[in-house]
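Shown next, in structure tokens, is the structure this report addresses.
The values are calculated or read from the model by the stated rules, or taken from the named source; none is laboratory data. Being a predicted model, the structure only gives us computed values, none of them experimental. Positions of Cβ are backbone-derived with ideal geometry, glycine not excepted, and every protein chain shown enters the neighbour counts. We work out accessible area using only protein heavy atoms, side chains counted, and drop any ligands, DNA or RNA first. Shrake-Rupley method; radii C 1.70, N 1.55, O 1.52, S 1.80 Å.
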Amino acid sequence: MQARLAAWLVRLGPPPLAAGIAVGVGFIVVETLLVFPLRHLAAVEAVAIVYLPGVLVVSTVWGLWLGVATSIVSTLAFDFFYTPPFWHFETEDWRDWLGLSVYLMVAGVASSVAQLARSGAIETIKRRRESDAVAELTRLILGADDVRAVLPAASARIAEAMRLPYAAIELDTVPPYEGRVQLPLHPGALVVSADLPERVMGRLRDSVVPGLATVLRAGRSLQASRTELQALLTQQAALRRVAELVAHGVAPAKLVAAVAAEAAELFNADAVRVLRREGSSTVSVVAEWSRRPGVQVLLGQRLDSSGGVADLVLRDARPARLDSYQDSSGLVVDITRSEGFRASVGAPIIVDGQVWGVLIGHWGQGPPPSGTEHELAQFTDLVATAIANTESRTELTASRVRLVFAADEARRGIERQLHDHVQQRLISLGLEMRISEALVPEDLGELRSRLSDTTAGLNGAFEALQRIVRGIHPSLLSQGGLVPAVKALARRCPVPVTVRGGPHRRLPDFVEVAAYHVVSEALADSAEHAGTSAIEVELDIIEDSATDAAMQGEVLSVTIRDDSAGSPDPGPGLADVRDRVEALGGTLTLTSPASRGTTVNARLPMGGRDRQDSEADWSFGGT
């Protein structure tokens, strides 16, 4: 209650003058009536102090002049009612005049003090409102993601706090308008009405503008920091996604396609291409991404890079940019112009100290921000890492494949030598032993018996050699294909084997050999498991859409199941076979849950050699 009363007494705008006159008259009437009983308790001159509260209230709310008028009217009322002669505006004693004069002087001084107090209180209120307005503007501007978006609200708050008919905060250059004044904020200006009182204009210049300018500079700086931070977070997210692809070892073609898309989105490029260096001025397009219609599809084409940004990057082995193609010429330049691009930036892809290729971004509306080419280089570093990893992995895999193929060729050579020479020699020796046995006389029975035993031993050695030859490289596999060879293995297995499915055409040699060895070793392991009573072999050609490009397309699936108690650890033979399968780009898995049998599954891509050639294409094609 007291706070509301105080706020009403010192509010900025006084109530109407008629209300002040009415309040003054009311105070005088009430005070005059109050003096009547009090005059019996004290001297009349002392009781005149009762009139001061009305003077103070009127002076505080309506100002000095109405307070002085209230003082004069109060003096006349006191003289009229309580100074002899009563009911007349005159006095009989000079001391009465002196008392009235002192009262009038005290009332005037009190009015002046009340006016000063009011002025000080109003000044304090104005400064507090200005401080509150600046504080609110600070919260509003510093908390906004876009400073320009909150300027209308900030302008309205200033106009409200300063009682201005018009106020607008402008950050751009504003042309002069009649009836408007621009107060510089650096940058921008506070635009207000030109007919403001000089006192208000001074308060704007001295109190509001300096704080507002500081807040605006801080807000724009904070907004720029937020924008840079958001751009950095977006860039790091894109780099993280590319890095995950690198870590997962995806195919280079898929990686560079992802890099092109990520770079285009991050830098708002209209198109991005990844070019591989083929020669001193020749490149091939290995990936591209575009957001604009009418862009030529150049994937897989070889181009002359002369005159374009790729030529600058390949020549200097560092990021470069072309903000205009006006003075450039060449095939790549003509293609870029025809696609509507005006500016390009590029960054080199450096692998093992050599420029492998270049990552290029194109823009149609004008050049990108300064430094874009250097930010683009962060993507090329990841691409270079992936390509280097791919080359190392390709070389390692190729060496494993060469070893497998060399071992198979050696097996074939040994098989031919044993078949053409050793086996034939054993057959000849066996025949000679039979002839010799037949020529021995009947009376030399012991000699005939020894010759017969020797012949039987030669036959046993011959059969053992045949089994060895079949294990090295069965002739049936080369002559009849995979299915007959597997069925022959099934017939020789001591456990009943059922063969299901099977390709109805010949497969690549390396696939048939690998599948044969998988079945051979799996049957040998299953036959040794305790409780094995039946084995099932299933051969099938399936279409695989695996993530790894090497496993896409036709795949030979080889599955061997038994009903044994299970064996979680594969034998040494299966471990060797797994190396062979993985060297060809395939997979071999063994599952053996307790008391549910053992299952061996191998998947062999039909294009194993083609995969090696495909990955080898990502090595350096030129100098």
> Among the residues of segment 1-52 satisfying the criterion of being among the charged types (D, E, K, R) and at pLDDT 65 or above, which is surrounded by the fewest Cβ atoms within 10 Å (Cβ to Cβ)?
Replying inline: 39
>> Tell me the residue from 537, 497, 486, 513 that is of a type outside the set (Asp, Glu), in contact (Cβ under 8 Å) with a residue 24 or more places away in the chain, surrounded by 14 or more Cβ atoms within 10 Å (Cβ to Cβ) and within 18 Å of residue 554 (Cα to Cα), please.
In response: 513
>> Could you go through segment 216-227 and let me know if any residue there is without any contact (Cβ under 8 Å) to a residue 12 or more places away in the chain, open to solvent by 20 Å² or more (accessible area, probe 1.4 Å) and under 30 Å from residue 290 (Cβ atoms).
In response: yes
>> If a residue counts only when it is aliphatic (A, V, I, L, M), touching a residue at least 24 places away in the same chain (Cβ under 8 Å) and surrounded by 12 or more Cβ atoms within 10 Å (Cβ to Cβ), which strands (runs of 3 or more DSSP E) contained entirely in segment 162-210 have at least 2 such residues?
In response: 167-170, 189-193
>> Just the residues that are at pLDDT 85 or above and outside any strand (DSSP E or B), please, taken from segment 490-504.
In response: 490, 491, 493, 494, 495, 496
> Would you pick out the residues in segment 320-348 that are in contact with a Ser or Thr (Cβ under 8 Å, 6 or more places away or on another chain), farther than 19 Å from residue 284 by Cα and open to solvent by less than 40 Å² (accessible area, probe 1.4 Å)?
Replying inline: 322, 325, 343
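Here is a yes/no grid of residues against (1) within 27 Å of residue 583 (Cβ to Cβ); (2) among the aromatic types (Phe, Trp, Tyr); (3) modelled with pLDDT under 65; (4) open to solvent by less than 40 Å² (accessible area, probe 1.4 Å):
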| position | (1), (2), (3), (4) |
| --- | --- |
| 413 | yes, no, yes, yes |
| 460 | no, no, no, yes |
| 469 | yes, no, yes, yes |
| 482 | yes, no, no, yes |
> All but one of (1) under 14 Å from the mean Cα position of the chain (by Cα); (2) aliphatic (A, V, I, L, M); (3) closer than 30 Å to residue 134 by Cβ hold for residue 232; which doesn't?
Replying inline: (3)
> Is it true that residue 209 is touching a Gly at 6+ places or on another chain (Cβ under 7 Å) and β-branched (Val, Ile, Thr)?
Replying inline: no
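For a quick check of your reading: which strands (runs of 3 or more DSSP E) sit entirely within segment 509-623 and have at least 1 residues that are at pLDDT below 80 and at negative phi?
535-544
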